[in-house]
Amino acid sequence: MRRPVCLIGLAFVVLIRLYLYVHPLPPAELGGIHKSSVILTGQVDKKEYRISEKNSEEQKILVLYLKNVQVINPQTKNLNIEGVICYLEGGQEPRMGSCVRLQGKLYAFDRASNPGEFDVGQYYQILGIQAKVQNAVLLEESEACDAFREGLYRVRTCLSALLDACFREKDASIMKAVLLGEKSGLDEETKQLYQLNGIIHVLSISGLHISIIGMGFYKLLKKIRCPLIANVILSIAMMYCYGIMTGMGISAFRAVVMFCFHAAAGIFGRTYDMLTAAAVAAMLALVRQPLYLCHSGFLFSFGAILAIGLFLPVMEENLLGAECKSRAIARLERLMSTSLAITIVTLPVYLCFYYEYPLYSLFLNVLLIPGMGVILSDGLFSLAAAAYFLPLGKIVSFPAHLMLAFYEFCCTFMLRLPGSRTMPGKPENWQIIVFGVILCALVRYGRRGSRLQFWQWTLFAVICLTLRYQGGIQITFLDVGQGDCIYLADDSGGHYLIDGGSSSKSDVGTYRIIPFLKQEGADTLDAVFVTHMDSDHCNGIYTLVEEMGRSGIAVENLILPDIGEESRGEEYAELSELAVRQGITVQSAHKGEMLHHGSLRLTCLHPEKGAVSESNEASIVLYLEYGAFNALFTGDLEGSGEEAVRKQLEAMLPEGKGVTVLKVAHHGSRNSTGEAFLRTTSPRLALISAGKDNRYGHPHEELLNRLEEAGCHIFRTSESGAVTVRVTQGGKRVRVREFLE
């Protein structure tokens with residue numbers, strides 16, 4: 001049997017993935033001490049400094065990662081948890097491996113409540129961290145510590161200071177990420193620039209570092225005639241220390257394990273097999289933490305190895321080209337084919353985590369990856385030179401500075417090219433399975449058919465992965481906390497947004513609305529309706545409009561309520577002017593206007609043209625019709641506006657037929673959705689968008705009682721997260737899915 005370890009590793013991965021699918025690991029239970037002041041003890045496993053803004057000033061805060069934590073709380077029994085992240089105040093810095101006693105306020109991590117939203121809780125759960133402690137104060141530290149790891153930390157601190165001295169601030173932050181795994185100083189703009197261009201992987205400690213640093217050290221010892229066994233032991237020890245010093249991320253762990261296999265193969269007289277080494281590394285990582293199968297770094301790192309070890313050899317045999325090539329052309333072709341193979345194999349990972357793909361990343365990787373050797377080597381030379389004579393280190397750092405400037409220029413230039421980003425959205429599970437089956441078949445049988453057949457099947461696999469089909473319509477009520485945001489997609493490719501704001505969640509546009517739209521593949525919104533100008537309905541729309549160029553999501557039309565000038569206010573004018581500057585068509589909607597797109601029809605029932613009234617009473621009300629299905633979106637409608645809409649619906653709705661879906665007005669306030677309104681609409685499903693434990697007490701008990709008496713099936717975003725309604729078969733079939741079900 002060829003590569004038995006690989007087959008065992010594959011079976012191991014499949015079993016773990018099936019287990020996690022059937023039995024997802026739940027988040028850690030904190031025993032009701034969320035937001036409580038606690039005293040805790042634990043061992044310092046990792047520490048780093050982060051930049052934080054306090055009182056408009058940037059400050060460095062020490063962040064401790066504690067393991068084997070015991071939380072002491074007077075109201076409850078002691079709680080043992082795996083790990084905690086602490087934000088330490090007071091200027092004290094405990095040593096690595098020491099046991100500490102801290103006091104602070106403990107918080108659970110937020111879990112994602114919308115599709116596409118980054119799951120902070122799951123991310124830290126993968127890292128073995130179950131909670132965070134803010135404003136932590138060090139009470140006590142043990143005498144014993146891990147002198148080895150503390151020494152490596154201090155070496156890293158010294159090297160970080162040398163990089164700060166040799167490079168400009170922006171370059172230094174990149175060099176510290178590339179050489180030391182220190183990413184806390186990277187600004188969001190740089191990370192986003194690299195991510196949007198598909199080269200974010202260059203900021204991670206990976207096999208490239210090992211090949212340059214580890215193999216360089218190995219060859220140096222060999223050149224000075226160091227005995228083979230001593231050479232291997234010293235090289236492995238060196239790379240282990242380097243991995244520990246840089247935080248031993250998953251890509252670094254994989255690279256160190258594979259380096260150990262490569263170095264040890266010479267001692268035992270065996271041939272190094274990359275796939276076997278990678279399989280062992282994957283199993284070791286998953287034994288330690290099965291949730292790595294949900295970690296982008298793990299999937300990208302091992303996906304690239306599979307691409308190089310399995311798909312690349314078959315793909316190269318199906319590339320066109322002359323047999324006799326110059327060395328330069330052969331090397332370029334190798335770079336291109338390697339980049340293409342990794343791109344194809346890791347495409348599902350990219351789409352599952354980022355929902356879009358930079359089309360030019362293939363060429364950018366070919367252009368820039370060779371330069372990483374220059375950056376790494378020059379960074380190491382700069383450190384050595386600066387340690388001897390600081391001005392010399394600054395001079396030596398110049399090539400790396402030029403290369404980083406070239407990287408930034410290329411990334412910025414690529415984003416300006418037409419079609420630089422494609423946004424197919426997150427693929428369904430069946431699409432990923434079909435894609436994987438086709439690639440496996442190509443690896444197994446790709447040498448038997450013609451070149452044309454190979455590339456036809458490869459293209460078919462990519463199309464299967466990226467194709468989106470919207471059968472019927474979709475309505476998603478996003479969980480934006482205390483606010484409203486409704487997404488609508490029709491069966492003719494139309495995408496719409498009704499409101500988008502929150503008074504309880506910060507940056508709701510950046511962290512909830514835009515990621516959701518990307519996940520849905522909604523790179524163009526045909527219309528964005530703002531029912532009224534309260535911030536809990538429109539502050540996320542400001543972000544959406546401002547970030548059009550950066551997010552990749554275009555807005556065609558912004559539709560505001562057609563109310564009198566005296567009722568519009570400053571926010572109305574500001575949003576209109578911002579939209580015009582961004583090239584968005586601004587329109588106003590009043591009673592009687594309609595929007596037709598395919599089988600979808602939206603009718604505006606409110607307000608009257610030029611109406612003068614309070615913000616809530618002048619809310620845009622939209623009535624949706626799709627075959628036998630209908631829905632009513634009411635904004636914050638109440639008072640006289642609600643009565644006016646009720647009378648219209650009384651005349652419009654056929655006798656005995658109500659509304660299938662009602663978006664309950666004003667987040668479930670007792671002053672809206674009265675008994676008469678419910679008798680007229682007779683909704684089957686009632687959706688309430690309100691924040692959990694909000695200060696207004698929404699939804700009010702009186703309103704919930706009215707809905708129950710009307711026979712409604714009630715859904716609340718505060719309990720269900722995002723609620724998605726899918727309508728098919730001409731409106732005859734309605735399915736509801738809760739994100740947190």
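The values are calculated or read from the model by the stated rules, or taken from the named source; none is laboratory data. This one's a predicted model, so the numbers in the text were calculated from it and none came from an experiment. Neighbour counts run over all protein chains shown; Cβ positions are idealised from the backbone, glycine included. Calculation scope for accessible area: heavy atoms of the full protein, side chains included, ligands and nucleic acids excluded. Shrake-Rupley method; radii C 1.70, N 1.55, O 1.52, S 1.80 Å.
Once you place label points 7 Å from the Cα toward the Cβ at Ala441 and Leu228, how far apart are they in nm? A separation of 4.6 nm, rounded to one decimal place. Only DSSP H runs of four or more residues enter the estimate; each adds -39500 (n - 2.57), and after division by the residues of the chain the mean residue ellipticity at 222 nm equals -14000 deg cm²/dmol.
Rolling a 1.4 Å probe over the protein heavy atoms gives the chain an accessible area of 48 Å² per residue. Can you compute the FRET efficiency between Arg468 and Ser682 using 1/(1 + (r/R0)^6), with r the Cβ-Cβ distance and R0 = 30 Å? Round to the nearest 0.05. Computed FRET efficiency for Arg468 and Ser682 comes out at 0.30. Between Ser98 and Lys647, full extension at 0.36 nm per residue minus the direct alpha carbon distance yields a gain of 190.5 nm. Between helix 147-166 and the chain there is an angle of about 80 degrees, using the helix long axis and the longest principal axis of the Cα atoms. Nearest 10 degrees is fine. How inclined is helix 4-22 to the longest principal axis of the chain, computing both from alpha carbons? Its long axis makes an angle of about 20 degrees. Starting from the Cα of Glu608, move 7 Å in the Cα-to-Cβ direction to define the label point; list residues of the stretch 622-646 whose amide nitrogen is under 13 Å from there. It comes to 640-645, nothing else. For the chain, the longest principal axis of the alpha carbon atoms and the long axis of helix 228-245 meet at an angle near 30°.
Segment Arg17..Glu408, full-extension length gain: 137.0 nm, with 0.36 nm per residue of separation and the alpha-carbon distance subtracted. Site pair Val374 and Leu417 shows an inter-label distance of 1.9 nm when each label is modelled 7 Å from Cα along Cα→Cβ. Antiparallel beta bridges, as assigned by DSSP with both residues in the chain, represent about 75 percent of the total such bridges. Each distinct pair of alpha carbons in the stretch 212-272 adds a 1/r term; the inverse of their mean, the Kirkwood radius, is 11.7 Å.
Among the protein heavy atoms, those of Glu577 account for about 110 Å² of accessible surface (1.4 Å probe, every chain in place).
In terms of accessible area, using a 1.4 Å probe and ignoring ligands and nucleic acids, Val612, Val84 rank largest first as Val612, Val84. Of Thr585, Thr681, the order by accessible heavy-atom surface (1.4 Å probe, DNA, RNA and ligands excluded), from most exposed downward, is Thr585, Thr681. Near Ile553: Cβ cut-off under 14 Å, other residues only, Lys/Arg at +1 and Asp/Glu at -1. The net charge is -3. Listed by chain and number, the lysines placed with their C-alpha closer than 22 angstrom to that of Lys732 are Lys657, Lys663; residues fewer than eight positions away on the same chain are left out. The heavy atoms of His596 offer some 120 square angstrom of accessible surface to a 1.4 angstrom probe. Surface composition of the stretch 121-204: carbon plus sulfur atoms hold 51% of the accessible area, using a 1.4 angstrom probe and ignoring ligands, DNA and RNA. The figure for Ile229 is an accessible area of roughly 100 square angstrom, using a 1.4 Å probe on the protein chains alone. Counting only residues at least eight positions apart within a chain, or on another chain, the lysines with an alpha carbon under 17 Å from that of Lys47 are Lys60, Lys67, Lys132, Lys176, Lys183.
Note: relative contact order over the chain, using C-alpha pairs below 8 Å and six or more positions apart, is 9 percent.
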